[in-house]
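Asker: Sharing a structure with you now.
Read-outs throughout are calculated quantities, based only on the coordinates presented, and are distinct from any laboratory measurement. It should be emphasised that the depicted structure is a prediction, and the values quoted were computed from it without experimental measurement. Here Cβ is always computed from backbone atoms with ideal geometry, including for glycine, and neighbour counts include all displayed protein chains.
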Amino acid sequence: MMKTATNSTWLSLALALFATSCGGGSSGAAGTGHLRVFATDDPFALDIVKEAHVHVSAIRVHADSAAEDGFTTIYSGPGFDLSLLDLRNGVTFTAADTFLPVGSIGQIRIIIDDASLTLDNDNVYSTALGNLDLTSADTSGLKVFVSPPLEVVAGQTTDVLLDFDLSKTFHPVPASDPPNAAKFLLMPGIRTANLVDSGELRGVVTQDDGAGGEIGVDKATVYVLPPGETDLTLSVATSGSDPDGSYAILGVAPGTYDVIAAKGALQGTVTAVDIFAAESTTVDILIE
């Protein structure tokens, strides 16, 4: 059930971000553009995850989505830890900030050398314990295909969002019982978005408090789906709600979507939600 659905301008912080993104810059050599890479997370089945970490040691880019070599490294150093649950609800982490020659980016490789996942039943999976397999993330890296390609423009800043979706990044084995999986595989599950060309979705998930009012729902999962789609595994983006029920999903391509919020057996749906570039759409959802 939808309570409200309104469009509004971006909050002041986001307006400042877009002003920076679109304006020309004096730093960097002629014929180069400014690229910033932000990381965030859209958690899966949020109420079964206690902690999720990945350690990134390098980020590389290439114009060709099919390339296997010849990448340009945009970050390489001591590495950094991403606490994915801390990056939900609109929070981002600046993973790279660099200047590149003008051109396109069709593929991003994220090199991950360590990862861990702790579930709410205190089951722990990690590379150190040997029950979390990095697959090729520590060698060739997680492959992120960028479609349409990002354009690095001379004198301008391009802000790209890397959105980790736990349900598509950590794969339980066996898949039928994630809370009691024997191990997890770390595989690609990252959505990209050009923040200048996309919009955002915000709102509050509530439920009946039993006394004629409503209360916020903690750890509900919010799914953004193509119109008419009910298969939650086909969502284009997801997020989880905070203790007060609030949620935020950044980098949503302009268009019309259905939005579903769910926790356990409770669910609420809002249909025909319009997302516009550089605007925030507010959708509050009552689950029943």
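Asker: Say the dipole of the chain comes from +1 at the beta carbon of Lys and Arg and -1 at that of Asp and Glu; which of ALA253, LEU84, PHE184 then lies farthest toward its positive end?
Answerer: Farthest towards the positive pole: ALA253.
Asker: With r as the distance between the Cβ atoms of VAL102 and LEU232 and R0 = 45 Å, compute the FRET efficiency 1/(1 + (r/R0)^6) and round to 0.05.
Answerer: 0.70
Asker: Using C-alpha positions alone, give me the convex hull volume of the stretch 199-286 per residue in cubic angstrom. Could the numbers behind the result be given before it?
Answerer: Numbers: hull volume 7.6 nm³, N = 88.
Per residue, the Cα convex hull of the stretch 199-286 comes to 86 Å³.
Asker: Based on the Cβ-Cβ distance of LYS183 and PHE80, what FRET efficiency does E = 1/(1 + (r/R0)^6) give at R0 = 35 Å, to the nearest 0.05?
Answerer: It comes to 0.90.
Asker: Let me ask you something else. Sorting check: for 195-205, 225-235, which peptide has the highest mean count of neighbouring beta carbons within 10 Å, and how do the rest follow?
Answerer: Highest mean packing first, the order is 195-205, 225-235.
Asker: Mind jotting down a quarter of the surface of the convex hull over the alpha carbons of the chain, in square nanometres, one decimal?
Answerer: Approximately 15.6 nm², given one-decimal rounding.
Asker: Pairs of lysine in the chain with Cα under 22 Å and at least 8 positions apart or on different chains: total?
Answerer: The number of close lysine pairs in the chain is 12.
Asker: Next question, about the same structure. Testing the spin-label approximation: label points 7 Å from Cα along Cα→Cβ at ALA253 and GLU51. State their distance in nm.
Answerer: 3.6 nm
Asker: How would you rank 54-64, 172-182, highest first, on the average number of other Cβ atoms within 10 Å across their residues?
Answerer: Final packing ranking: 54-64, 172-182.
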